[in-house]
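This report refers to the structure that appears directly beneath it.
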Amino acid sequence: MHDTASPSRGPGPVRPAAGTGGLWTTRPETATDIRAVHAVNAAAFPTHAEADLVDALREDAATWLPGLSYVAEAADGSVAAFALLTRCLVGGAPALALAPVATAPEHQRRGAGQAVVRAVLDAARRRGEPLALVLGHPEYYPRFGFERASGYGIRPDFEVPDEAMMALVLDDSVPVPPGTIQYPAAFGV
């Protein structure tokens with residue numbers, strides 16, 4: 001069983017249905033969330049690399065897309081989970097990179113991560129973004145509609161298991177560009 005976040009008509013909070021651990025309010029990150037977002041990323045991963053990545057991406061005006069950095073709030077209003085979409089390119093065409101996605105350890109396996117991923121992908125659809133890519137767990141991301149990127153002729157320029165590099169068409173009226181993924185410089189690839 002997994003939570004589903006219902007799409008919002010505007011930029012405000014989305015209250016998804018109750019799921020495996022409670023009700024998660026999702027919304028765009030605000031300036032007051034920056035420290036909490038850093039803390040969630042630092043706690044969710046073995047190193048601070050992802051937290052530092054978010055900070056570096058935030059500083060890159062060509063990469064950072066206002067309104068595509070989302071948080072899920074716990075019942076007390078604290079940041080429970082985070083998901084970020086930034087600009088990348090596929091064969092020179094604009095696309096989005098979903099990374100990082102992080103959930104505070106005390107909220108993991110309760111639907112907060114799923115709620116925030118659904119919310120940020122819905123926000124990207126509302127903006128008319130055509131395509132999102134993720135390098136992640138092949139058992140987790142297909143629940144959002146992600147498929148092997150190689151099926152679209154999309155590939156990274158570094159070695160990665162084929163099933164871990166995934167693409168999600170957000171706007172099927174736009175042709176999916178084949179080609180190599182060009183990540184923002186902050187990713188270091």
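Worth pointing out:
- Members of segment 75-97 that are farther than 15 Å from Arg35 by Cα and in contact with a Gly (Cβ under 8 Å, 6 or more places away or on another chain): Ala75, Val90, Gly91, Gly92, Ala93
- Screening segment 164-189 for residues that are open to solvent by less than 80 Å² (accessible area, probe 1.4 Å) and assigned to a helix (DSSP H, G or I) and picking the one that is modelled with the highest pLDDT gives Ala164.
- Qualifying residue in segment 141-154 (condition: aromatic (Phe, Trp, Tyr), part of a loop (DSSP other than H, G, I, E, B) and open to solvent by 50 Å² or more (accessible area, probe 1.4 Å)): no
- Unmet criterion (only one of (1) crowded, with 18+ Cβ neighbours inside 10 Å; (2) over 29 Å from Tyr152 (Cα atoms); (3) among the basic types (Lys, Arg)) for Arg109: (1)
- Filter result (within 20 Å of Ser173 (Cα to Cα) and out of contact with any strand residue (DSSP E or B) (no Cβ under 6 Å at 6 or more places or on another chain)) within segment 104-146: Leu121, Asp122, Ala123, Arg125, Arg126, Arg127, Gly128, Pro130, Phe144
- Test: residue in segment 171-185 that is free of Cβ contacts under 8 Å to residues at least 60 places away in the same chain and more than 24 Å from Ala62 (Cβ to Cβ): yes
The values are calculated or read from the model by the stated rules, or taken from the named source; none is laboratory data. None of the values given here were measured: they were computed from a predicted structure. Every residue, glycine among them, receives a Cβ derived from its backbone with ideal geometry; neighbour counts consider all protein chains shown. Ligands, DNA and RNA are stripped out before the accessible areas are found, and what is left, the full protein with its side chains, is counted by its heavy atoms. Shrake-Rupley method; radii C 1.70, N 1.55, O 1.52, S 1.80 Å.
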